[in-house]
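Single-structure report; data block below.
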Amino acid sequence: MSSQAEARRITAPQIQARKGGDPIVALTSYHAHTARLLDNHVDVILVGDSLGMVMHGLETTVPVTVDMMIVHGRAVMRGTKRALVVVDLPFGSYEASPTEAFHTAARILKETGAGAVKLEGGRRMADTVRFLVDRGVPVMGHVGLTPQAINTLGSFKARGRDDAEASLILDDGRAIAEAGAFSLVVEAIAEPVARRITAEVGCPTIGIGGSPACDGQILVLEDMLGLGERVPKFVKKYANLGPDIEKAVATYAQEVRERAFPGPEHVYGPRLVQKPAKAS
C-alpha cells in the first residue's frame with residue numbers, strides 16, 4: 001500500500017456505510033498534539049464544543065463561539081491525516097434558520113478543512129439538517145442529553161427514563177436520521193432507548209452513555225484519561241493521568257528550587273573553536 005493511500009482520510013459517507021458493521025471508534029480532541037496520538041486508532045475525531053469546559057474552564061458549552069471552534073478545528077486538522085474530523089456548531093450559530101446554519105457550517109468547513117459538522121437537536125432541527133445536507137454539508141446529529149440546552153433542561157441528568165420522554169427521543173432520532181444525517185450521537189439516555197434508536201434508524205448511532213448496541217462509541221478524551229476531577233457515570237477511565245502529571249510537576253518544582261535541575265547533561269558547553277593546523 002502506498003503512503004498516499006495510507007494517508008487518505010475517512011469520509012462521512014464511509015462512516016454512514018458502517019451501519020450495522022464494524023463498530024465506529026470516536027473520541028474528542030481539541031489540539032494537534034492529542035489529535036496526532038489519536039489519528040491511527042480512531043475513525044472519527046470530534047472537535048466538540050465541550051472544549052469550552054475542558055480547555056477554557058467554562059461551566060457549560062453555551063459561551064463557546066464559532067471562532068473558538070475554528071481555532072481548535074484547525075489545530076486538530078494539522079495533527080491528523082486519517083480520521084474524519086467533525087466540528088461542532090456552537091450554541092447560537094445555527095438555530096435561528098437553516099440559512100444561518102449553512103453560513104456557519106460553510107465557514108467552519110472552509111476555514112478548518114474538516115469533513116463534517118455536528119449539531120444538537122431533534123425534530124425541530126430536522127429541516128435544518130435536510131437543508132445542509134442538500135447543499136453539500138455532511139451533518140452528524142445529536143439527540144438525548146443536549147448540553148447546549150442545559151439552561152432549559154436544568155441539569156446534565158440522563159434522559160429517556162420514562163415512557164413519555166423515551167418516546168420524544170425516539171421521534172427525535174428518527175427525524176434527524178430521515179433528514180439525512182450521516183450519523184447520530186445519542187447521549188446519556190436510558191439503554192433500552194439507545195438500543196431501540198439504533199435498531200430503527202438508517203444511519204449509524206454513536207453512543208456516549210447510550211448502549212453497547214450502538215454502532216459506535218465516543219468519549220471525551222480528557223475524561224477517559226483521568227484528567228478531569230469529576231466524570232459522568234458513562235465514562236470508563238482507561239488511564240489516571242491527572243495524579244501522574246501533578247506528581248511530575250511537583251518533582252520538577254522541587255528540583256528547580258533545590259537547584260538539582262538542570263544538571264550537567266541538560267546544559268550546553270562552550271563552542272570549541274578548532275585552531276588551524278600549523279604549516280609544516
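Listed values for the range 52-63 are Karplus-derived 3J(HN,Hα) couplings in whole Hz (6.51 cos²θ - 1.76 cosθ + 1.60, θ = phi - 60°), namely x, 7, 6, 9, 10, x, 6, 7, 9, 8, 4, x, and x replaces Gly and Pro. Who wins for biggest fluctuation among Val139, Val249, Val76 in a Gaussian network model of the chain, springs between alpha carbons below 10 Å? Largest GNM mean-square fluctuation: Val249.
Relative contact order of the chain, taken over Cα pairs closer than 8 Å and 6 or more residues apart, is 15 percent. Near Val143: Cβ cut-off under 12 Å, other residues only, Lys/Arg at +1 and Asp/Glu at -1. The net charge is 0. Counting DSSP beta bridges with both partners in the chain, what percentage is antiparallel, nearest 5? The answer is about 5 percent antiparallel.
Oblate is the label for the range 43-144, because the ratio a/c of its alpha-carbon gyration tensor axes (a ≥ b ≥ c) is 1.5 or higher and a/b is not greater than b/c.
One decimal place: the segment Asn151-Leu58 gains 32.1 nm when fully extended, by the rule 0.36 nm per residue minus the C-alpha distance.
Between His33 and Lys236, how many nm apart are label points set 7 Å from Cα along the C-beta direction? Going from the His33 label point to the Lys236 one covers 2.7 nm.
Summing charges over all other residues whose Cβ lies under 11 Å from the Cβ of Leu51, with Lys and Arg as +1 and Asp and Glu as -1, gives -3. Separation of the range 44-62 from the range 126-181 is 19 Å, based on Cα centroids.
Taking a ≥ b ≥ c as the square roots of the eigenvalues of the Cα gyration tensor, the chain is prolate, since a/c reaches 1.5 or more and a/b is larger than b/c.
Principal-axis analysis of the Cα atoms of the chain puts helix 66-78 at an angle of about 60° to the longest axis.
For the chain, the number of Lys pairs separated by eight or more positions or lying on different chains, with C-alpha atoms closer than 30 Å, is 22. Distance from the Cα centroid of the range 69-105 to that of the range 224-265 is 31 Å (rounded to whole angstrom). In the chain, the calculated helix contribution to ellipticity at 222 nm averages -11000 deg cm²/dmol per residue, counting -39,500 (n - 2.57) for every DSSP H run with n ≥ 4. Between the Cα long axis of helix 191-200 and the first principal axis of the chain there is an angle of about 70°, rounded to the nearest 10.
Think of the range 49-200 as having a plus end and a minus end, set by charges on the Cβ of Lys, Arg, Asp and Glu; of Gly122, Ala75, Val87, Ala75 sits farthest toward the positive end of this dipole.
A short reminder: the numbers here are calculations on the coordinates, not readings from a lab. Note that this is a predicted model, so its numbers are computed, not measured. Here Cβ is always computed from backbone atoms with ideal geometry, including for glycine, and neighbour counts include all displayed protein chains.
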